[in-house]
Each structure stands twice: as structure tokens, then as C-alpha cells.
Amino acid sequence: MAEIQGGNTHVAGRRPFVACCGTTGIDIAILSRQEIKLWEKNNDILVKMSCGGMMRNIAENLARLGVSAVLFSNVGDDLYGQKILQDSADAGIDMSRVRIEEGCTSNTFISVDQPDGEMLVGLGDALCSDRLGAAYFEENMLLLQQASLLVLCPALPAECLDFIARKLPHIPKLLDMNSAGLVENVRRRMAMVDILKVNKYEAQELTGIALRQQPDLDMAAEAVFAMGVKQLYITLGDRGAYYRDTRGTRLFAAARPDLPVINTTGSGDSFTAGIAYGHMAGYAPPQSMKFAMACAEITLQSADTVNSEITLQRVLAAVESRREQAL
Amino acid sequence: MSGGYTVCIGDSSVDIIGLTDQPVRLGDKNPTFRLSAHTGGAARNMAENLCRLGGRAKLLTCVGDDLYAQQILRDSTAAGIDCTAVRQVPDHPSSSCILLNGPSGDTCVAVGDLRICQYLTGDYLAQHRALLAEAEAVMMCMSLQPDALDYLFDEFPQVPKVVDVSATEHAALARRYLARIDTLKVNEFEAAALVGQDDPKHCPEQMLEALLQMGPTRVFLTMGPDGAMAGDQSGGRVRRPALPLKPVNTTGAGDCFTAATQYCRTQGYDLAQTVDFCQAAAAITMTCEACIAPDLTDQKVLRWVQRYQKGGTHSG
């Protein structure tokens, strides 16, 4: 892995990097000690603000693991945008390509949580990332062509995904589905995806197969491979994760039952960062799976969407302490 | 206004308003919302309205040291409010309120983080004693700490207090100071809570008399679509119907009405002139989307007063 250490960000002789293409935003979490009631003023709450956006989270995890991550995204010209640029650069993400949109509010996601941790309602404003067009990716083509891996998000406007598929056919592409509601955006574009990461609900939405038992997972994998994908990861919450590829490798990683879970938000983003790390390090599938699981577990133990204490050493230590079994 | 200024005391916040035309799915993500962040807070809004009308306002409020503090200070200063005495509390979030509305009112979530109001204390006000002693008036809502209210009313009896109760839950606190309030502004819900009346649609004339008997020099009672009333201790009584306009956004109209009463006082308007002016100012606010009308000026309000008087829409 020595080749992916270091911090050089010059284009000439630049060290291998991951191009993270997708959404950036601000997350506002509403936490309450008392039950939040609809139609009433609820004044005993805490508002917690953090940088978010699924692709930014993936890039932050990668940067904290020592991988060079360049974010291809945009922010509004508001205070949220300033905070995102500052905090993300501080976390080590290369933000030099992030475009500031004039007269635009940064993507915002608000979650309103009840005291038991259940989400009462979540809502997002993603007008900003809707402004990303093919022209933006065209402007950045010189750098994108040098990427070792493209991580993509289905919330990107369709013309961006089509442009990337057309202009960058030889660079491996990892897609994180992120939300069952986004499946329709990419259903007809799966042929461009080399590595797909979905959770159970996204897999069901994509394949139409109800995932009740293990043979269902294999059926879903076959359906995904028929769309053109070569490697598939399905995260299964507290049951662990499943991997299958077109070469016939099949893996299952159980979740650690002893793990204290503090906050599940962001663990999927971290899992995807783990897959990307494995790709950059040249890992075989079993190693990648173990690494991604360890990333997710470290994120589950943090109240934040990205665990700012995630490091390569910590993930490798967690990998050592778990074993995976082939099905 | 001859160099005089009004000190505005109370909350300032960033209000996030979310609207959608899609049905809201509870327990799920709703990606179709349009969110906008507005600089607000009752006391800050009153200060901004007063400045837009041509008055001078100095703001005493607490903000944290976060992004929202930057926004509050930047926007307030740009609106002409003197923010030099604002208290910045380290390592604390500023006030923020989030209001989410589904289509045609199918869901409404309203939450507020108002913890910073605990720093609106008597000690803080005492640091600005000279500022308070020389003010033309103090305009305030009731989100101050009890010791801050006592300090204001005990130490500066000569400075007129213009009070917007601004929430029914503050009625009990406001009742203790009524006799020492110069100008009290309430809506029908706050009036009912103050006089101990269960029904806010109870005869407004009776509620106004009951409030005046509790001691304020002047009382303004706003009643939404039912118009506004005012009364004072020298026997003045005014009642006006609402202006014949369709409201776009009623949030912030009350803050504007209260700020306008203070503007009218500095102009020496009588009670009837004051009600006409304040109603027109509030109507300008209600007919724009923002909580503070960006084009509010005293001249515009006077034009609206003339227009609706010519229209013969009030009983005189």
C-alpha cells in the first residue's frame, strides 16, 4: 500500500487518486429530549450542524485513510458553502475542483429525530447539485482522466453520468446507490458501473427480488450482473454484508454482535470508502470486504456521520480482530 | 429623529423554512423540499423594521460563535442595526428555528433551539447601563431571563417600555410588569392568556378594557383578519377592520406592527394615526414572502395609509 501514502496534489507526477463525483451539502440534525409533536412549537431541542453530502463523506473517509481524494461537486455561495469548503479541506479532501454556484443555497439535509433515535421526518433540498451539468465534468476532464477510480452517486444529473460513461470508459467506476428513491435515475445506466454497493432496500428496488434468505442474494446478484455490473456489495445492516462477482467469488461477512452502535448514519458511506481503499491498494475481494466492514464498524461507533478519528491504523487493527467466512 | 435611538432587547435567530408541493412521508427522506434560511428573532426583526422605517435601533441579544452568528450579525448590521453591544457566547450555538410545511398544510413540524436566551441576563444588561439609560425607549419581547426583566423595569423607570408579548407562553411573565409598560402589543391569543379568558374570540373591546385596567399606558390588540384595536389611559379608543388584502406570509407582521408603534411615537402621531400606520406597515409585510419586507420605508407606509383611507375601507 505504500504507493497510496503521502500528500502530493500536483497534476504533474501526481500520486494516484480517487475522483469522488457527486453531492456535497450540510446536514442539520434536530435532536430532542422530549417527543416532537407535529403542529406544535417544540422549543426544547438541539440543532447539530455538520458537513455532509454522501460523496463528500466518502471523500472525507478516504482522505482520513490517507488516500488522495479529489471531490468533483459544488456548493452554494452561502455560509454553508464556506463552512463545507473550509472543514472539508481541513479534513484533507482536495476541494480545488469544487464549484461555487452563484445565487444558490448549498444542498441541505435536515433530519428530525425523536428521543428514541427514530427519524420523525427527513428532508432535503438538492437544487444546488442539480446545477452540475456535463459542462462541469468537461472542464475537469484533464484531471478526471488521470483518476485511478471514479466513485459515482446516482443523485448526479443524468447528463453527467452519461457524459462520464462516454468520455471515461476505461476508468473503473464504483457506484453507491445511497437511496432506494434514486434507483430509477441509474437503472438504465448500470452497464457503466464496475463495482456496485447497495443496501438491502436498494437491491430490492433495483432487482425487484425480495431479499428474504441467502438464495435471494444470489438471484439479486445474477440480475445485477445481467445489467453489466462486475462486482456487487450488498450491506445487510446488523446481519453484515454480502459480496459476489462475475468471476464466481462469493463472500459473506457477519456483523460483530458485540459492537456498541451509537449512530448508523454514514456507515454506508464509510463502507464504500473502504471498497475504494481496497481497490486503490490492490486488495483481493476478501481483504476489501474485511476492510470495508471495519470502516463501517468504526463509523457506527461515532455520533457523527464521518468518524473524525478513523485512521488507516485503526481500520487495520479492526480488520485483524475479525474473520470473514466464505458461504 | 433627532439622534435618539431605541434599544431592542430579546432573541435573534436564523429561521429555516422548508416548503414542498409533494406529500410528506413521515419516517422517511423527502428530497423535494425547498429550504431557505432567514435571519429572524422577534427582537431583531423589530429592530430591523424600525431601521427600515427610518428609526435608529441598537440591539441587545445573544448569539453563539457559529455560522448562524455570522449570518445574524452580517444581515443585521447591513440593515442598519447597531450590533456593537450584542453578546457573543463562546462555544455555544446561536438560536435557530426550523419550520417545515407540507402542501396545503398536511404536515407541520416546528422546532426551535433557544438555549442561548439563558444568557440574556441582568448582568449582561448591566454592562450596557448607559446605553439603556439614554434610550428613547426600550422595545422588547419576553424571552429575557427574569432577572433581566427585573433589572430593566426597576433600574430604568423613566425609559418607556414597548413590549411585544410575542408568545402565549410568555403571558404569565408579562402580567407581572403590565403596570410599568408604556406600550403593550398583543394578538388576540396573547390578550386572552393575559386576562385569563379561555376564548381568544371573546369580545375584543372587553379584553382591551381589561388589559388597560392592568396598567399599560397604551394597548394595541391585533386580531388577524378581524383587524386591530388600540386604547390608552386618557380614554382614546380606536378600532379598524383589516385591510382588504390577501396575506402571503403572516410571519413577522406582528414584529413589524410593534416596531411601527415605536416609529409613530417618535413622530408624535396620535392613537388613530398610529393604528393606521401600523396596520399599513404590517400589511406590507404580510403581502411579501419574506418575514421582513425588503422595501419597507416610512414613505411607502404613508402611501398605503392614504390609498386605503381613500378606498373608504375603514370605519374612521
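Couple of notes before you dig in:
- Pairwise FRET efficiency - B:SER36 versus B:THR297, Cβ, R0 = 22 Å, nearest 0.05: 0.40
- Formal net charge of residues neighbouring B:ILE292 (Cβ-Cβ distance under 14 Å; K, R +1; D, E -1): -3
- Normalised per residue, the volume of the convex hull around the Cα set of region A:43-84 (Å³): 98
- Measure of compaction for the protein assembly as shown (Cα Rg per 2.2 N^0.38 Å): 1.14
- Dimensions of region B:19-170 based on its C-alpha atoms, expressed as ranges along the principal axes with the largest first, amount to 54, 31, 30 Å.
- Computed over region B:149-247, the ratio Rg/Rh where both radii use C-alpha atoms and Rh is Kirkwood: 0.98
- One quarter of the convex hull surface built on the alpha carbon atoms of region A:192-259 amounts to 4.4 nm², the projected area averaged over directions.
- Using a Förster distance of 56 Å, the FRET efficiency for B:ALA126-A:GLU139 (Cβ separation, nearest 0.05): 0.45
- Shielding by partners for peptide B:64-73, expressed as the average number of C-beta atoms from other protein chains within 10 Å of each residue's C-beta, is 2.
- When each of A:LYS37/B:LYS185; A:LYS173/B:LYS29; B:LYS58/B:LYS246; B:LYS29/B:LYS201; B:LYS29/B:LYS58 is checked by Cα-Cα distance, pairs over 31 Å: B:LYS58/B:LYS246; B:LYS29/B:LYS201; B:LYS29/B:LYS58
- Antiparallel DSSP beta bridges within region A:87-206, percent to nearest 5: 50
- Cβ-based net charge around A:ALA165, under 12 Å, with every Lys or Arg adding one and every Asp or Glu removing one: +2
- For chain B, the ratio of Cα radius of gyration to the globular rule of thumb 2.2 N^0.38 Å stands at 0.97.
- Theoretical gain in end-to-end length, A:THR264 to A:ARG188 [0.36 nm per residue, Cα-Cα removed]: 24.4 nm
- For region A:83-180, the alpha carbon convex hull comes to 149 Å³ per residue, rounded to a whole number.
- Inter-probe distance in nm under a simple model that places probes 7 Å from Cα toward Cβ, at A:ALA254 and B:LEU173: 5.6
- Share antiparallel - DSSP beta bridges, region B:181-255, percent rounded to 5: 65
- Ignoring lysines fewer than eight residues from A:LYS167 along the same chain, the ones with Cα atoms less than 28 angstrom from its Cα are A:LYS197, A:LYS230.
- Accessible surface buried by the A/B pair amounts to about 2800 Å², both sides summed, 1.4 Å probe.
- Alpha-carbon centroids, region B:229-271 and region B:115-164: separation in whole Å: 23
- Annotation note: GluC sites (Glu not before Pro) in region A:23-69 located in DSSP loop regions with a Cβ neighbour count of at most 12 within 10 Å are A:GLU35, A:GLU40.
- Taking region B:1-103 and dividing mean pair separation by its residue count, relative contact order in percent (alpha carbons under 8 Å, at least six apart): 38
- Applying 1/(1 + (r/R0)^6) with r as the Cβ-Cβ distance of A:TYR201 and B:ASP65 and R0 = 41 angstrom yields a FRET efficiency of 0.55.
- Taking B:SER94, B:SER13, B:SER104 in turn, the Gaussian network model of chain B (Cα-Cα springs below 10 Å) assigns the largest fluctuation to B:SER104.
- Longest DSSP-loop-exposure-free segment, trypsin sites (Lys or Arg not before Pro), chain A, at most 10 other Cβ within 10 Å: A:34-211
- Beta bridges per DSSP with both ends in chain B, % antiparallel, nearest 5: 45
- Summed residue charge, Cβ within 14 Å of A:PHE137's Cβ, Lys/Arg positive, Asp/Glu negative: +2
- Rounded percent of accessible protein surface that carbon and sulfur make up, chain A, 1.4 Å probe: 49
- Counted over chain A with a bin width of 20 Å, the fraction of Cα pairs per bin, in whole percents, is 33, 60, 7.
- Accessible carbon and sulfur surface of chain B relative to its total accessible area, %, 1.4 Å: 50
The values are calculated or read from the model by the stated rules, or taken from the named source; none is laboratory data. No experiment lies behind these values; they were computed from the predicted model shown. With ideal geometry, Cβ positions are generated from the backbone for all residues, glycine too; neighbour counts draw on all protein chains shown. Protein only, heavy atoms only, side chains kept; ligands, DNA and RNA dropped before computing areas. Shrake-Rupley method; radii C 1.70, N 1.55, O 1.52, S 1.80 Å.
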